[in-house]
1. Of the options GLY171, ILE190, VAL274, report the single residue whose Cα projects farthest towards the positive end of the charge dipole of region 150-305 (beta-carbon charges: Lys, Arg +1; Asp, Glu -1).
2. Evaluate the distance, in nm, between pseudo-label points positioned 7 Å from the Cα of ARG326 and of SER308 along their respective Cα→Cβ axes.
3. Could I have the simple spin-label model distance between ASP184 and ALA73, label points 7 Å from Cα toward Cβ, reported in nm to one decimal?
4. Taking all protein chains in place and a 1.4 Å probe, what share, in percent, of the accessible surface of the chain do carbon and sulfur account for?
5. Along the Cα-to-Cβ line of LYS340, 7 Å from the Cα, sits a label point; which residues in region 235-255 have backbone N less than 20 Å from it?
6. Starting from the Cα gyration tensor of region 26-81, multiply each eigenvalue by 5, take the square root, and state the resulting semi-axes largest first in whole Å.
7. May I ask you to order 248-256, 335-343 by the average number of other C-beta atoms within 10 Å around their residues, highest value first?
8. Report for region 1-136 the percent antiparallel among DSSP-assigned beta bridges with both residues inside it, nearest 5.
Amino acid sequence: MEKGGNPSSVHGFGRDAAAMLRTARDRVAALAGVGADAVVFTSGATEANNAVLQAPGWARRLVSGIEHDSIMAAARHAGDVTILPVAADGMVDLAVLEHELASAPESTLVAVMAANNETGVIQPVDEIAALCRAHGARFHCDAVQAAGKLELAPIAAAADTLSLSAHKLGGPPGVGALIINDPDMGLRLIHGGGQESGLRAGTENLPGIVGFGRAGELALEDRDGLDALADLRNAMESRIREIAPATFIAGEAAPRLANTSCLAMPGVPAETQVMALDLAGIAVSAGAACSSGKVQRSHVLDAMGVASETADASIRVSLGWATQERDIDRFIAVWTDLYKRTHAVPAGTAAE
Ligand code: PLP
């Protein structure tokens, strides 16, 4: 932030800035396992998703029912959208995708995310890509949640375009990337100057981009911690089940990211759980991220066919790089306390 150079300037400050931009681009390209030319920096994944979904020329958009709002809303705004169902475990229904592709017009776009932000469920990206290829459709993959938690190279190799967001892997907010594997797709994000190979005009957010590059570099170095994170998450879920065997865990039967758990405390509204945990200094979310300050009903759990009373009692618990066993102990203690308070059997009514 102290270096004010503009990468497009030819003087020394500009050349320094251009060198920093190149390094960051190489790092993000390495994270995604693509060439540096494929990386277009954006203001985040929302912009990247909008750019692909709203590009002119798609005759139809086939979009899974569990996509982030930045895909859903962009697709609906653009029109010609068909929602692809998911099964109860949160995995996209490949038979329906194949059926839709069989009758799809030329210039069809399929958008299925690599891993879901609410449940962590990982989608069969290779199989989706193979179906798209077989039917001549393009495949866009929102890999925001996968970045730093799954190897991105195979996902980037399978998809035509990929969206990434720095703040999901510990980088700064307000910066992301669209990976474009095929320059002939004709995607143009913002018209103006020649930045980002002419695809996304505007002076680059260099501090953000440098932060993104460094976060990407660290994510590649830090892969070993993921197994330990999955162990912690699994232990947390087992302990919750010991206390409340009927606890619903979304996508439990499917492959999931190591850090995500979406669980329902039976009969207790998610907002009550969020407040009780917040009072104890533990930050969790209810339903979809409340971008407007209000908790909305989760379209992801709806798409999975989760009963509304269960969906309304579901919270998202995300473990971070620094999460340790004692954090899980604390979460379990607060969760158990709330569970016992809300499920106490009134005196005199317990069965002998
Ligand atoms: N896609 C997914 C799956 C996300 O989780 C998010 C952010 O929560 C986004 C897209 C939007 O990313 P950004 O905040 O960079 O616009």
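1. VAL274
2. Here the answer is 4.4 nm between the modelled labels.
3. Reported label-point gap for ASP184 and ALA73 is 3.5 nm.
4. C and S atoms contribute 52 percent here.
5. 236-247
6. Its equivalent ellipsoid spans semi-axes of 25, 12, 10 Å.
7. Sorting 248-256, 335-343 by mean packing, highest first, produces 248-256, 335-343.
8. The answer is about 20 percent antiparallel.
The values are calculated or read from the model by the stated rules, or taken from the named source; none is laboratory data. None of the values given here were measured: they were computed from a predicted structure. When we count neighbours, we look across all protein chains shown, and the Cβ atoms used for this are built from the backbone with ideal geometry, even at glycine. Calculation scope for accessible area: heavy atoms of the full protein, side chains included, ligands and nucleic acids excluded. Shrake-Rupley method; radii C 1.70, N 1.55, O 1.52, S 1.80 Å.
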